[in-house]
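Asks: Please find one structure pasted underneath; my questions will follow.
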Amino acid sequence: MRRIQYALPMANPASSDTGFFGHPYGLSTLFFTEMWERFSYYGMRALLLLYMTAPLAAGGLGFDAAQGGAIYGLYTSMAYMAALPGGWIADRLIGQRKAVLYGGIIIASGHFSMAIPSMVTFYLGLVLIVIGTGLLKGNVSVIVGQLYSAEDNRRDAGFSIFYMGINLGAFLAPLICGYLGQRVSWHAGFGAAGVGMTIGVVQYLLGGRHLGDKGLRPVPAASAQAAADLRTRAMVGGGLFFAAMAIIGIGGYTGTLPVTAVGVADAAGVLLLLSTVVFFGWLLTSGAYTRAERKRLVVVAVLFLASALFWSVFEQAGSTLNLFADRNTDTTIFGMPFPSSWFQSVNSFFIFTLAPVFAWIWVALARRGQEPTSPGKFVYGLVAVGLGFLILVVPASAAAAGGKASPLWLIATYLLHTIGELTISPVGLSAMTRLAPARIAGMVMGVWFLGTSVGNFIGGRAAGFYESMALPTLFGAVGGFAIVAALVLLVFVGPLRRMTEASVEGPAR
């Protein structure tokens, strides 16, 4: 028999809170927290591969593209993979609010560590940023979801506003950090990223009163003994992690262990694949979920795979496209030179201009009953990101002959990638909060970022082919891969829609 919930209207205090553009005022606190976190992340990301592959004489590390791409892919993938343990820690131990605070402090410490010119502080900074991002990134999105009740129709619009905060930070970061890094010193750019995160932490503390009790407490343990066991497992796991990091770091630095960047990246890739398979195996076979919940988790798994494929192409903005901008693209406008890292702001500029258009399109289609499902939107996203690479085959051929590509080619690519992003990223964030069982909301949000982790790893490793494969071949293969993935997903759009509709019970819709 169908379970009926909320048969009578219930009071919803959040729905009367319209202090921030018609949304709960707490959204403003989370908007600026995420804005500054993304400022720090994208400011450093715009410089990372360029810094590693810059000659020693230019203040860089002198790595080749393969080694730099391995480190870049490992770092960016681990930053998103860390959202899984970060979500577990928030759900079970400290709550989302403390996780965001501690994460922001650790991220800022990591950026300031990278501002100190030494190999030890460089790698230490990367590790700290990974840990901090794992605590902050997924959990701040969970708190956004908690600002709205299950039946509040402002939820998707709220995530769209929140997503604008992400892109405001991502737009400003390359302009400021990129300029300082490429025109003043690499470490000045890294330090500027740390300043941004520090501002975000201060703002979060001052604005916390607007969040009420959202995210303050973890999910209650079944008993006092269960709570103690959770803390013990967390302490043991954390201790083993830091011990392993210390052994690898000291062994690599002293030469007592045969540690190389490529070797660590390869091992991490295997770990990432195994972790993904094991996690989804546990999630889909666990007896802890109802039949309806398990159906929604199957949809989560498919969206995860599609998002991983999308991000593996899209996130080459910081790897292969970053190298193409720096080495093979004309970086002058009206005769005035500009840092190649500024191309990293183009995507966010298009987000600002196109996000309202897409929001209007989805609303207009929904009114006519024609809005695509989440999997359907993902198909459009994969096609757009694939086309973005396919159009680069032409300028890549000219660049391979020694010429410089017009910056308009990269701008066109970022336009197509932005169109793809707008059909996947905010839609995916909203879908995760809607599909996830409440008791594992943080963990399922971590699943979404795990897909980004897999994509970042693949996208980073693709940079290793930049110096060993003809550019037209590389760009053509990447674009074709995305188009084929879109066609495969298209086959499953109908069954996924029916599965989601069949699993709806009460507010889970």
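The values are calculated or read from the model by the stated rules, or taken from the named source; none is laboratory data. Since this is a predicted model, take the numbers as computed values, not measurements. Because the Cβ atoms are built from the backbone with ideal geometry, glycine has one as well, and the counts that use them run over all protein chains shown.
Asks: Scan Ala366, Ala384, Ala317, Ala401 and give me the residue that is without any contact (Cβ under 8 Å) to a residue 60 or more places away in the chain and crowded, with 23+ Cβ neighbours inside 10 Å.
Replies: Numbers: Ala366 fails: crowded, with 23+ Cβ neighbours inside 10 Å; Ala317 fails: without any contact (Cβ under 8 Å) to a residue 60 or more places away in the chain; Ala401 fails: crowded, with 23+ Cβ neighbours inside 10 Å.
Of Ala366, Ala384, Ala317, Ala401, the one residue that is without any contact (Cβ under 8 Å) to a residue 60 or more places away in the chain and crowded, with 23+ Cβ neighbours inside 10 Å is Ala384.
Asks: Within region 320-347, how many residues turn out to be part of a loop (DSSP other than H, G, I, E, B) and either of a type in the set (Gly, Ala, Ser) or buried (at least 24 other Cβ atoms within 10 Å of the Cβ) (or both)? Walk me through how you get there before you give the answer.
Replies: Going through region 320-347, the residues part of a loop (DSSP other than H, G, I, E, B) turn out to be 330-331, 334-335, 338-339.
Next cut, either of a type in the set (Gly, Ala, Ser) or buried (at least 24 other Cβ atoms within 10 Å of the Cβ) (or both) only: 335.
Number satisfying all stated conditions: 1.
Asks: Name the one entry in Gly464, Gly455, Gly459 that is part of a helix (DSSP H, G or I), surrounded by fewer than 23 Cβ atoms within 10 Å (Cβ to Cβ) and either in contact (Cβ under 8 Å) with a residue 60 or more places away in the chain or over 11 Å from the mean Cα position of the chain (by Cα) (or both).
Replies: Numbers: Gly455 fails: surrounded by fewer than 23 Cβ atoms within 10 Å (Cβ to Cβ); Gly459 fails: surrounded by fewer than 23 Cβ atoms within 10 Å (Cβ to Cβ).
Going through Gly464, Gly455, Gly459 in turn, just one is part of a helix (DSSP H, G or I), surrounded by fewer than 23 Cβ atoms within 10 Å (Cβ to Cβ) and either in contact (Cβ under 8 Å) with a residue 60 or more places away in the chain or over 11 Å from the mean Cα position of the chain (by Cα) (or both): Gly464.
Asks: Those residues that are hydrophobic (A, V, I, L, M, F, W, C) and farther than 13 Å from Val140 by Cβ, I need them from region 198-220; list them, please. Explain how you work it out, then say what you get.
Replies: Restricting attention to region 198-220, the residues satisfying the condition of being hydrophobic (A, V, I, L, M, F, W, C) are 199, 201-202, 205-206, 211, 216, 219.
Matches in region 198-220: Ile199, Val202, Leu205, Leu206, Leu216, Val219.
Asks: Right, something else. Name the residue that is modelled with the highest pLDDT, counting only residues in region 419-433 that are more than 9 Å from Tyr380 (Cβ to Cβ) and hydroxyl-bearing (Ser, Thr, Tyr). Talk me through it step by step, then tell me what you get.
Replies: Residues of region 419-433 more than 9 Å from Tyr380 (Cβ to Cβ): 421-422, 425-433.
Retained after the next criterion (residues that are hydroxyl-bearing (Ser, Thr, Tyr)): 425, 430, 433.
Numbers: Ser425: 82, Ser430: 75, Thr433: 71.
If we take residues in region 419-433 being more than 9 Å from Tyr380 (Cβ to Cβ) and hydroxyl-bearing (Ser, Thr, Tyr), then Ser425 is modelled with the highest pLDDT.
Asks: Give the residues of region 95-115 that are out of contact with any Pro (no Cβ under 6 Å at 6 or more places or on another chain) and more than 13 Å from Ile129 (Cβ to Cβ), sorted by residue number.
Replies: To start, the set of residues in region 95-115 that are out of contact with any Pro (no Cβ under 6 Å at 6 or more places or on another chain) comprises 96-115.
Hits for region 95-115 are Gln96, Arg97, Lys98, Ala99, Val100, Leu101, Tyr102.
Asks: Can you find even one residue in region 353-367 that is modelled with pLDDT under 85, closer than 19 Å to Ala170 by Cα and of a type outside the set (Asp, Glu)?
Replies: There is at least one residue in region 353-367 that is modelled with pLDDT under 85, closer than 19 Å to Ala170 by Cα and of a type outside the set (Asp, Glu).
Asks: Within region 68-104, restricting attention to residues that are modelled with pLDDT of 90 or more and among the aromatic types (Phe, Trp, Tyr), which residue is farthest from Arg45 (Cα to Cα)?
Replies: Looking at residues that are modelled with pLDDT of 90 or more and among the aromatic types (Phe, Trp, Tyr), I get Tyr102.
Asks: While we're looking at this one, here's another question. Being surrounded by fewer than 18 Cβ atoms within 10 Å (Cβ to Cβ) and either in contact with a Ser or Thr (Cβ under 9 Å, 6 or more places away or on another chain) or not aromatic (Phe, Trp, Tyr) (or both) narrows it down to one of Leu180, Leu205, so name that one.
Replies: Details: Leu180 fails: surrounded by fewer than 18 Cβ atoms within 10 Å (Cβ to Cβ).
Within the list Leu180, Leu205, the selection yields Leu205.
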